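For reference, the structure is listed below as structure tokens.
The values are calculated or read from the model by the stated rules, or taken from the named source; none is laboratory data. Quick caveat: nothing in here was measured; it's all calculated off a predicted structure. Neighbour counts run over all protein chains shown; Cβ positions are idealised from the backbone, glycine included.
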Amino acid sequence: MSFANTKCVVEEGDTVIIYVNPQAMYALQVKPLIATKKGDMVENIFQTAYGALKVQELVGKKFGHKVQFSRGWGYLLHPTPELWTLNLKHRTQILYTPDISLIVMQLDLKAGSVIVESGTGSGSLSHAILRAIAPTGHLHTFDFHQQRVEIVTQEFSDHGWEPFVTAKQRDACKDGFDLENVADAVFLDLPNPWLAIPHSVKALKKSGGRICTFSPCIEQTQKTCEGLLAEGFKYIETMECLQREYQVKNITLPEIDDYNFSFCNTPETNCEGNQKKDDRKFRAVLPALQMAGHTGYLTFATWPRQSEKCQT
Amino acid sequence: MSFANTKCVVEEGDTVIIYVNPQAMYALQVKPLIATKKGDMVENIFQTAYGALKVQELVGKKFGHKVQFSRGWGYLLHPTPELWTLNLKHRTQILYTPDISLIVMQLDLKAGSVIVESGTGSGSLSHAILRAIAPTGHLHTFDFHQQRVEIVTQEFSDHGWEPFVTAKQRDACKDGFDLENVADAVFLDLPNPWLAIPHSVKALKKSGGRICTFSPCIEQTQKTCEGLLAEGFKYIETMECLQREYQVKNITLPEIDDYNFSFCNTPETNCEGNQKKDDRKFRAVLPALQMAGHTGYLTFATWPRQSEKCQT
Amino acid sequence: MDLVQNDEFVIVQRKSQVSLHQLPKKQGKKWTVKIGRDKVDISSVVGKPHGTFKLVREKDGKNSVFTLEPSDEVVEMKDKMKDLNSGENNKEIWDDGTSQQLKKEDIEELRGQGLTGSEIVTQLVENSKTFQIKTEFSQEKYLNKKEEKYSEWVDILKPNIRHLAKHFHSQDPMQILNLRPDTLAMIMSLANIKSNGKFGVFDGGCQGLVTAAILDRIQGHGTVWNLFLKGTPQKRVIQAMNFTPEQLKPLKNCSLYKLKETLAKEENTDGDEVPAKMIKLDEDAAPPLEFGSLDGMVIVCRRPTTIAKELVKLLAPSGNFVIFSPYSEPLSETYIQFRECNLAVNLQLTETWFRTHQVLPLRTHPEVNMSGSGGYILSGIKVVS
Amino acid sequence: MDLVQNDEFVIVQRKSQVSLHQLPKKQGKKWTVKIGRDKVDISSVVGKPHGTFKLVREKDGKNSVFTLEPSDEVVEMKDKMKDLNSGENNKEIWDDGTSQQLKKEDIEELRGQGLTGSEIVTQLVENSKTFQIKTEFSQEKYLNKKEEKYSEWVDILKPNIRHLAKHFHSQDPMQILNLRPDTLAMIMSLANIKSNGKFGVFDGGCQGLVTAAILDRIQGHGTVWNLFLKGTPQKRVIQAMNFTPEQLKPLKNCSLYKLKETLAKEENTDGDEVPAKMIKLDEDAAPPLEFGSLDGMVIVCRRPTTIAKELVKLLAPSGNFVIFSPYSEPLSETYIQFRECNLAVNLQLTETWFRTHQVLPLRTHPEVNMSGSGGYILSGIKVVS
């Protein structure tokens, strides 16, 4: 199964998204058997909020169409990095679509780009990077946690990204990336990103490139900016990006909220607003009451083309 | 003239607001003569965007009514701290209504409160404080700049705030406030607010009170929070508040933006949205394209009631 | 120094959690309320000064109930546990959900046995497989989180508008039409609320929050007309403020229908006769409420439709008005209406964006949870064209 | 290494100021453009590699014109002037507008005399009564501000989407319907843009920005249908990208009226005959465009009215669409329309809030100028009910 190439019909091994409602979505791999906690292989039956789904029966079903559960139905959706971000298992804090989108665009990623990512985390950003750089680029991704690397490697393989990605266990701050003059871009999501800046410089192409660091705290960002400046990066910019979601509601107010009142007994008609029709009905575009107020600070910078004299 | 007590008709000496449009408002003091740059007293004629206004002729005019210029007209408005904030002469950077409102509420200001402010700056916040605490409270306001103190003292007097305010030249960080156990609240807008925290403690009532500091930079805020904690303040909270302004527009799109198109020759009618009427007209609530992205960080804290043993 | 009285409301603040409680009407009566997950006999604060209290266990059959004792020596958990080991980084920590060996039921049992908050947290730390290898910062974060739940100290505070606005908004924003505290602060400014003024409030669903804020601000100086159409005027927040009769004196409730009748009568008697200006609308409604007589006006409702325009008739020329709604669309209607009728200048439709920050050494960042909206306000100044 | 070519577009970046220029078509021709307030013969960069250039004065009659010479040694003004005195605080500074003794005309004259940027700044500093008593931080701020205007170094960059999106938005947001760069980034994600896909774009006023972004992202792999109704499709940003024929290969322009005809014909021939599936809409329109054939769709316009629903017919089931508008109201109509017709799931109406920060030792804070809006997007996934 490949996230990269769209297909119409589900095949065995595919990862699919079962959509019930915005609060209930599931990412499933279509395979006939599944391991229990004890390790026994049993029939792969998935329990949704609306009853059971025999996962193997999805084979041959069309994406974008309805799928039946024992007590209801949902939609079968083709996976995308955005849906994966919403449905993956969190092994770490993850990056979400607003930050991810900004990172991909501000790092100038495109088909063919070579990029270094550290840490891999739960692979949320990695999927969006892979979509952008496939089928001709490459992602080198590192995490200091062996278990995370193993799980994400399996996911990359399940999702058809294998040819475009190398995932390794590595403490990037201490040991660097073991890459030289290959990368168009570097992304750092580490507790001490400034320690990885010299390694990033080594990995970046001598013809120049881009770097991004993500840090939740301003103190990390400050140390990073100092490090980038000292190392010779240009156009250092720090930014934050939040998403505001709106609900669209057709509102009908209760009668108690009908404030049609006039001091005059004969309604005036010279101005707008005195018309009586539909005073309790309107459409509202209403911001969600709660939102994410902070994810992290994104710092971007340009690694300039290194002139000849430095290249020797 | 008093900002505190509303009147209907202009008298000599009053400060009034001449409103032409949101971009053109003026604060004027109604007096027959005005000094030229050379110091000569000449007839007080004010030049608006729509021609001249003989200021003395405002005497006897009603607030909220039209006022004539030589080539147009505007409205004569009663002064308020908010209009003053928009129209005062900037001797320093000033605080604006969103921050001011938060400061007044979060410091628990009300009629009768005693508050210490440093620095006075251009008096933008001072006016809102005075409105809140009059006619029974008192504002002690300090600025290290003698010239600023003189100008603002004159303004306080012109605006009728004199009984409720004491303005002094003083370097609060070095010399303190020379006030003890009198204040319900302290507001600090200084480059190094943490230096004034011990002095603030001295000024605050032993029965407890509130403090607020305003700082543009996060490093100042960090040092302030450390200082507040070390001094024994509780409930230390840092916040930022931005104002988003909307324009309301009745939009009529040009014909080129009419995208009424259907692949069918017979329009479908089963769903909404296929109705043709008024497709190029709608009302939009449109955020202003530019806004203030930062003013400063506001830090608030509570000075707890001091128990008996500390009071000796 | 004020002492806490029976029948009064008090704010209980435990770390960042704020709650509101009314004390029993009668002296000596026990009054058990929930503070967080703990049952507390709050009548124990009556007769004592407001301030910091310690939760003290009192056996009461099977369930433990706490009483409150004045206490100034607050010990923070992080200070209590500062001698514990900590790790250099969190590299070795793999959160598979098994690091805490105490189950929910175990914790409930410990509570049942009457352990204090800090005793429970000590148990949690001792039974954590990973606590000692966490970094110092992670440990502090963990302890702060636990302290929010288990702290043994609470502050008993006199209700004030700052606390009540925050409490009602965080409890359920729509119970006060999502009128967020910073928006309330803006309303107080833009309506030019001041002592010795005459103000009108039309409260279509914020439980008297705006009226209470005005009454608090002016401390008995001036008049606040609480205007209403149907039913009785909103008053929950006003009650919670424990206002004295002196502070309540400015408040006059006034039905708009009754006002309409009175104003119509007045108009009829107007002419060559001496007008009956001193119309008593309410029993002791001293200053008359007439067209063009108010200094400021606040309207809070979902959709002002035609009422905003009518209420502005009560405002004096150059008077300030503020209309609040949780929705922008109804305010855009009123905006257009006012503009087309030349009723006002300086018309502004705004909202505020508000975010709090964590400021701690090496860990400074905006809080991750934020309110997405605090309602919209339309403000302006009445003019005569 | 690429060299700058005649007829190409280049981005000129001088500190934070970005501008876009097209080089002359013919070799050797002078081509004077304005970079900030300076007149620069930009043809001097042709044949040289992209990178940093220095402005070098070249007398040209009365007005001085600069040429550009490759230069890697950039000297920042703050380094140049670091030996100057500075004050401890700004207490003594009273800005009465007379501290700078050079008048605007004086500066213009200095420019006319052909002084370099740093020479002018040196003059400004020497003629300032307050510079030497300002704090070091205030001096640095002053010099940085001047450097924005007078810096002698500029970067000549190959246009890329990041620069062009920023340039067009900052020049005049409404020329691209206020589609802010971070919103463009969201569109690229939510439309699931990827190589080897088939995408549709309806550009109702963003100058080809979205199409250019897609062409750049996929680097020749896949198909982008540029759909249009009237006139010619928008292309200004596409042109500015200097795309190679290979990179442009995926782009197919397609009139919706023509497509309608073609699809109608196809429907008629559909039946027992073999359908003429390979309809040539454009000269080399290789893959057919039919109902249910696109992987993703982006619609950019002020008000999508009925067209959004029609265009989504071209999308394959489970295909992603994004509709952008500078206004929220038209998108709310489409939202309700799509929901009522069960056309899509995961419908989301969002906007992004975007702010940059100054990060400098002891002077870290968000930038004071901020964009108030970057447009709204309605995104979703097509389903078959």
Exercise for the section: Look at B:Gly121 and say whether it is at pLDDT 95 or above, surrounded by fewer than 19 Cβ atoms within 10 Å (Cβ to Cβ) and not hydrophobic (A, V, I, L, M, F, W, C). Expected result: no
Problem - Given (1) over 23 Å from D:Gln22 (Cα atoms); (2) of a type in the set (Gly, Ala, Ser); (3) facing chain A (nearest Cβ under 9 Å), index of the condition D:Ala165 fails - result: (1)
Exercise for the section: Might you check whether a residue that is out of contact with any strand residue (DSSP E or B) (no Cβ under 7 Å at 6 or more places or on another chain) and not in a loop (DSSP other than H, G, I, E, B) occurs anywhere in segment B:85-96? Expected result: yes
Practice task
Specify which of the listed residues (C:Asp282, C:Asp272) is more than 7 Å from every other protein chain (Cβ to nearest Cβ), within 30 Å of the chain's Cα centre (by Cα) and modelled with pLDDT under 95.
Solution key: C:Asp282
Practice task
Return yes when B:Ile94 is without any contact (Cβ under 8 Å) to a residue 40 or more places away in the chain, under 24 Å from B:Ala172 (Cα atoms) and facing chain C (nearest Cβ under 7 Å) and no when it is not.
Solution key: no
Exercise for the section: Go through the residues of segment C:351-373 one by one and say whether even a single one is in contact with a Phe, Trp or Tyr (Cβ under 7 Å, 6 or more places away or on another chain), within 27 Å of B:Gln23 (Cα to Cα) and at the interface with another protein chain (Cβ under 7 Å from one of its Cβ atoms). Expected result: yes
Completion exercise
Taking first residues from segment D:300-316 that are more than 7 Å from chain B (Cβ to nearest Cβ) and second residues anywhere that are buried (at least 23 other Cβ atoms within 10 Å of the Cβ) and part of a helix (DSSP H, G or I), the pairs with Cβ under 7 Å that are 6 or more apart or on different chains are D:Val300/D:Val210; D:Ala308/D:Thr334
Problem - Residue match in segment B:253-261 (condition: assigned to a loop (DSSP other than H, G, I, E, B) and among the charged types (D, E, K, R)) - result: yes
Handout entry: Residue check for B:Leu204: within 14 Å of chain C (Cβ to nearest Cβ) and either out of contact with any Pro (no Cβ under 8 Å at 6 or more places or on another chain) or of a type in the set (A, V, I, L, M, F, W, C) (or both)
Key = no
Fill in the blank from the handout: Checked against (1) of a type in the set (Gly, Ala, Ser); (2) in a loop (DSSP other than H, G, I, E, B); (3) touching a residue at least 40 places away in the same chain (Cβ under 8 Å); (4) within 10 Å of chain C (Cβ to nearest Cβ), B:Gly64 satisfies every condition except (3)
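So that you can scan it fast, the table gives a plain yes or no per residue for (1) modelled with pLDDT of 85 or more; (2) within 26 Å of C:Val18 (Cβ to Cβ):
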{"position": "C:Ile35", "(1), (2)": "yes, yes"}
{"position": "C:Val45", "(1), (2)": "yes, yes"}
{"position": "C:Asn63", "(1), (2)": "no, yes"}
{"position": "C:Phe66", "(1), (2)": "yes, yes"}
{"position": "C:Glu73", "(1), (2)": "no, yes"}
{"position": "C:Glu76", "(1), (2)": "no, yes"}
{"position": "C:Asn85", "(1), (2)": "no, no"}
{"position": "C:Leu115", "(1), (2)": "no, yes"}
Exercise for the section: Would you please list the contacts, defined by Cβ atoms under 8 Å and residues six or more apart or on different chains, that run from a residue in segment A:146-157 that is within 11 Å of A:Thr120 (Cβ to Cβ) to a residue that is β-branched (Val, Ile, Thr) and modelled with pLDDT under 95? Expected result: A:Arg148/A:Thr92
Handout entry: Residue satisfying all of: in segment A:185-219; β-branched (Val, Ile, Thr) and not in a helix (DSSP H, G or I); surrounded by the most Cβ atoms within 10 Å (Cβ to Cβ) among these
Key = A:Val186
Exercise for the section: Scan segment D:199-214 and give yes if some residue there is closer than 30 Å to D:Leu3 by Cβ, among the small types (Gly, Ala, Ser) and assigned to a helix (DSSP H, G or I), otherwise no. Expected result: yes
Handout entry: Flag if D:Gln22 is within 14 Å of chain A (Cβ to nearest Cβ), surrounded by fewer than 18 Cβ atoms within 10 Å (Cβ to Cβ) and either at negative phi or touching a residue at least 12 places away in the same chain (Cβ under 8 Å) (or both)
Key = no
Practice task
Residue by residue through segment A:107-154, note down the ones that are of a type in the set (Lys, Arg) and either on the phi > 0 side of the Ramachandran plot or part of a helix (DSSP H, G or I) (or both).
Solution key: A:Arg131, A:Arg148
Completion exercise
In segment B:73-82, residues that are at the interface with chain C (Cβ under 8 Å from one of its Cβ atoms) and either over 12 Å from the mean Cα position of the chain (by Cα) or touching a residue at least 60 places away in the same chain (Cβ under 8 Å) (or both) total 6
Exercise for the section: For D:Ser379, indicate whether it is buried (at least 23 other Cβ atoms within 10 Å of the Cβ), in contact (Cβ under 8 Å) with a residue 24 or more places away in the chain and facing another protein chain (nearest Cβ under 7 Å). Expected result: no
Exercise for the section: For residues that are outside any strand (DSSP E or B), touching a helix residue (DSSP H, G or I) at 6+ places or on another chain (Cβ under 7 Å) and modelled with pLDDT of 95 or more, scanning just segment B:1-30, find the one that is farthest from the other protein chains (Cβ to nearest Cβ). Expected result: B:Val30
Exercise for the section: Please find, within segment D:229-244, the residue that is surrounded by the fewest Cβ atoms within 10 Å (Cβ to Cβ) out of those that are outside any loop (DSSP other than H, G, I, E, B) and either out of contact with any strand residue (DSSP E or B) (no Cβ under 6 Å at 6 or more places or on another chain) or among the polar types (S, T, N, Q) (or both). Expected result: D:Gln239
Exercise for the section: Identify, from the list B:Val104, B:Val59, the residue that is touching an Asp or Glu at 6+ places or on another chain (Cβ under 6 Å) and either in the same structural domain as B:Phe156 (by TED's automatic domain parsing) or over 26 Å from B:Thr136 (Cα atoms) (or both). Expected result: B:Val59
Handout entry: Sole exception among (1) within 13 Å of chain D (Cβ to nearest Cβ); (2) under 22 Å from A:Gly209 (Cβ atoms); (3) over 12 Å from the mean Cα position of the chain (by Cα) for A:His127, by number
Key = (3)
Practice task
Determine, yes or no, whether D:Asn160 is buried (at least 22 other Cβ atoms within 10 Å of the Cβ) and touching a residue at least 24 places away in the same chain (Cβ under 8 Å).
Solution key: no
Problem - Every pair of residues 6+ apart whose Cβ atoms lie under 7 Å, when the first sits in segment B:249-265 and is more than 9 Å from chain D (Cβ to nearest Cβ) and more than 25 Å from C:Leu347 (Cα to Cα) while the second is surrounded by 11 or more Cβ atoms within 10 Å (Cβ to Cβ) and among the β-branched types (Val, Ile, Thr) - result: none
Handout entry: Flag for B:Val20 being in contact (Cβ under 8 Å) with a residue 40 or more places away in the chain, within 20 Å of B:Ala4 (Cα to Cα) and β-branched (Val, Ile, Thr)
Key = no
Handout entry: strands (runs of 3 or more DSSP E) (entirely within segment C:319-385) containing at least 3 residues that are modelled with pLDDT of 95 or more and touching a helix residue (DSSP H, G or I) at 6+ places or on another chain (Cβ under 8 Å)
Key = C:344-358, C:376-382
Exercise for the section: State whether the residues of segment C:181-197 include one that is modelled with pLDDT of 95 or more, touching a strand residue (DSSP E or B) at 6+ places or on another chain (Cβ under 8 Å) and more than 10 Å from every other protein chain (Cβ to nearest Cβ). Expected result: no
